[in-house]
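Have a look at the structure below, then the notes.
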Amino acid sequence: MTGTKGLRQRRTGRAISTLLLVIICGLTLLPIVLTFLYSFFPMSEMKAFLDTRNSYDQGRFMNILLAPATVSLRQYYDLLIDKPIYLQLFMNSVKYTLAILAGQVLFIPTLAYALSRFRFRGRETIFFLVLMLMLLPFQVTMAPSVLTMRTLGLMNTAWAVILPMMFAPFYIFLMRQFMVGIPPEMIEAGLMDGADTVRSFFHVVLPLSKPILGAAVALSFADAWNMVEQPLIYLASTQNRMPLSVMFNTLSSSEQGVIFASAALYIMPALLIYSYFQEDILLGIQLSDMK
Amino acid sequence: MFAKKRSLWLFLLPGLMGLMVFHLVPFIGGIYFSLTDGTVHNRLVWFENYRRVWGNAAFRQGLGNSLELSLLSTPLIFLFSFVLALMLKTLRERSLPYRNILLMPYLVPSSALLIIWMVLFDYGGIVNRLVVALGLERVMWLESGALRVPIILLYVWKNMGFSVVIFSAALQSLPDEYYEFAMLEGAGPVRQARSITLPLILPTAFLVFVLAWVNAFKIFKEVYFIGGAYPRDEVYTLQHFMNNRFTKLEYQDVTTAAYSFALIVLVFFALLYARKGVRGHDRY
């Protein structure tokens with residue numbers, strides 16, 4: 001009796017969940033899908049469409065555009081061939097993001113290893129500071145950071161944006177929480193075979209940390225690719241060194257014809273990274289100590 | 001756990017140096033900043049700066065707005081992500097594609113979404129079509145205090161997936177046997193949720209809530225994209241106040257505001273840290 005009732009309950013539960021999830025996922029995807037769709041409209045059609053914005057005529061709505069008169073790659077062509085500034089800003093984003101990721105790969109797993117597998121005085125203090133710094137917004141250390149950068153002669157150079165992000169506390173936290181959870185037997189087994197701390201790092205801890213490494217790379221990519229606060233301050237007087245993420249709200253008013261293609265192009269690398277690392281993100285977070 | 005190994009320095013030092021120079025030293029330097037007068041003499045004025053900044057109307061407005069935006073978006077993220085995680089759990093292994101879609105916005109740069117957001121929330125846009133279809137008056141989403149709505153939705157849209165994943169991970173780690181046993185004993189879904197799911201999920205829920213709150217309190221990007229550097233009063237955040245003071249070279253004001261801000265964040269932090277879970281993992 002209870003068995004069949006429970007089964008039926010579960011089945012209706014599953015049906016309702018599926019229905020709601022399909023709707024919510026559809027809404028989640030909508031802005032991305034529309035951005036890509038609109039990027040294939042002819043420039044003139046898009047411009048005309050965007051010009052119908054900001055009309056306060058009660059009787060009129062903007063059209064709902066779902067299919068272009070002709071599918072056109074003109075926006076992309078115009079953007080990539082005729083507007084060198086776009087490519088330059090895009091490449092700035094690429095440069096900053098790659099440099100930040102390279103630095104993080106070098107510094108963060110090693111630091112997390114030290115904080116999770118070594119016992120030494122001050123370890124808890126360092127971890128406490130990491131946690132605290134991770135929660136603070138960028139603006140808290142903004143003014144003194146600028147002084148630091150000035151002292152080091154890095155203001156208005158790419159390094160001012162790159163260097164602090166290389167040591168981003170959140171990723172130290174993320175890696176450390178994962179490494180803490182690696183069963184000690186695995187490391188001890190390595191030690192029996194005569195491995196030292198360095199060997200155990202490269203041959204035991206790093207391979208086991210693969211999911212969280214993937215997760216950290218993907219999440220950090222997203223951070224760096226979308227950064228706004230740091231370049232606004234550190235690169236204030238050098239507009240052409242800005243990453244594209246900062247410039248979208250200027251572009252959206254001046255480059256109406258190609259704005260959707262520029263947005264779509266900027267989303268694309270993020271989607272590629274995501275599809276490559278999505279399992280790592282799920283697994284990495286699942287295996288980390290997140291409570 | 002390694003003890004007394006000299007190789008510790010090899011692993012610890014490079015990262016720690018960077019953390020010190022680019023994060024810790026500025027943090028400590030800022031405290032000094034907020035207590036001095038900013039002239040060439042750098043006289044210690046103790047809490048004079050704090051008195052001035054807290055008396056400033058723009059500061060109070062920014063603080064109020066930041067609090068308000070975070071108080072509106074945090075419960076949204078928290079409740080939605082919990083419910084979504086529960087729904088995902090009922091689907092078991094078939095939930096994967098949904099989870100992947102829900103997390104996707106977290107990776108997508110919100111800067112690039114700005115334009116489509118402006119189109120959707122235009123006075124003649126799709127959102128207002130829905131509003132009219134529901135028999136209500138059109139809303140000026142972008143030109144009035146209602147600007148909060150598109151900003152919060154952009155923020156929630158982007159950040160909810162991460163909470164869903166954390167919740168899902170926690171829900172998945174609950175042993176199935178508990179539920180099977182409860183079912184045998186005749187406990188319905190509500191009873192199961194109250195007696196099994198909620199108590200076991202509480203530590204994770206707490207983490208999600210605090211992280212979501214602290215992060216929402218830092219909301220700036222989304223406001224900057226939609227409202228610019230000098231947005232309407234209703235969405236002028238604390239970060240705007242700091243950025244704008246910064247461009248006027250009033251460093252004392254910036255850091256003082258920042259530390260007032262930090263103090264509030266650190267109260268959340270104390271809440272988080274006071275619990276055992278995050279602290280010393282001496283289990284190994």
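Give the ranking of B:HIS41, B:HIS23 by solvent-accessible surface, highest area first, calculated with a 1.4 Å probe. Don't skip to the answer; put the middle values down first.
Values: B:HIS41 145, B:HIS23 35 Å².
Reading off the accessible areas and sorting them downward yields B:HIS41, B:HIS23.
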Pick from B:PRO175, B:PRO150, B:PRO14: which residue has the top mean-square fluctuation in a GNM of chain B where Cα pairs under 10 Å get a spring? B:PRO14
Shape of the stretch B:113-251 from its Cα gyration tensor (a ≥ b ≥ c, root eigenvalues): rounded if a/c is under 1.5, otherwise prolate when a/b > b/c, or oblate? oblate
Residues of the stretch B:112-145 with amide N under 19 Å of the 7 Å Cα→Cβ point at B:GLU68: B:139-145
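Output the DSSP H helices from chain B with an along-axis C-alpha extent of no less than 20 Å and a mean Kyte-Doolittle hydropathy no less than -0.5.
B:57-91, B:148-172, B:198-217, B:251-274
Counting only GluC sites (Glu not before Pro) that are in a DSSP loop and have at most 11 other C-beta atoms within 10 Å, tell me the longest site-free stretch of chain B. The partial results should precede the final answer.
On the way: sites that count: B:GLU137, B:GLU185.
So the longest stretch without any such site is B:1-136.
Where in the stretch A:72-166 are there trypsin sites (Lys or Arg not before Pro) that are in a DSSP coil and have at most 16 other Cβ atoms within 10 angstrom of their Cβ? Could the numbers behind the result be given before it?
Values: sites: A:ARG74, A:LYS95, A:ARG117, A:ARG119, A:ARG121, A:ARG123, A:ARG150; in loops: A:ARG121.
The qualifying sites are A:ARG121.
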Given +1 on the Cβ of Lys and Arg, -1 on the Cβ of Asp and Glu, and no further charges, what dipole in debye does chain B carry about its Cα centre, rounded to the nearest 20? 700 debye
Calculated [θ] (222 nm, deg cm²/dmol) that DSSP helices of n ≥ 4 give over the protein assembly as shown, each run adding -39,500 (n - 2.57): -22500 deg cm²/dmol
Length gained if B:ASN42 through B:ILE264 is fully extended, taking 0.36 nm per residue and subtracting the Cα-Cα distance, is 77.3 nm
With all protein chains present and a 1.4 Å probe, the order of A:HIS203, B:HIS240 from largest accessible area down is A:HIS203, B:HIS240
With DSSP loop assignment and no more than 15 other C-beta atoms within 10 Å, the chymotrypsin sites (Phe, Trp or Tyr not before Pro) in the stretch A:23-106 are A:TYR56
The answer for trypsin sites (Lys or Arg not before Pro) in the stretch B:213-262 that fall in a DSSP coil and have at most 14 neighbouring Cβ atoms within 10 Å is B:LYS248
Global geometry of chain B, whether rounded, prolate or oblate, following the gyration tensor of its Cα atoms and the 1.5 cut on a/c: oblate
A:MET134 accessible area, 1.4 Å probe, all protein chains in place, Å² to nearest 10: 20 Å²
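With a 1.4 Å probe and every protein chain left in place, work out the accessible area per residue of the stretch B:131-251 in Å², rounded to a whole number. All intermediate terms of the calculation are to be shown ahead of the outcome.
Working: 5250 Å² over 121 residues.
Value returned for the stretch B:131-251: 43 Å² of accessible area per residue.
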Highest GNM mean-square fluctuation among B:THR237, B:THR90, B:THR197, for chain B with Cα springs under 10 Å, belongs to B:THR90
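The values are calculated or read from the model by the stated rules, or taken from the named source; none is laboratory data. All of these numbers come straight from a predicted model, not from anything done at the bench. Here the Cβ is made from the backbone with ideal geometry for all residues, glycine too, and neighbour counts use every protein chain on show. Side chains are part of the model used for accessible areas, which takes the heavy atoms of the whole protein and leaves out ligands, DNA and RNA. Shrake-Rupley method; radii C 1.70, N 1.55, O 1.52, S 1.80 Å.
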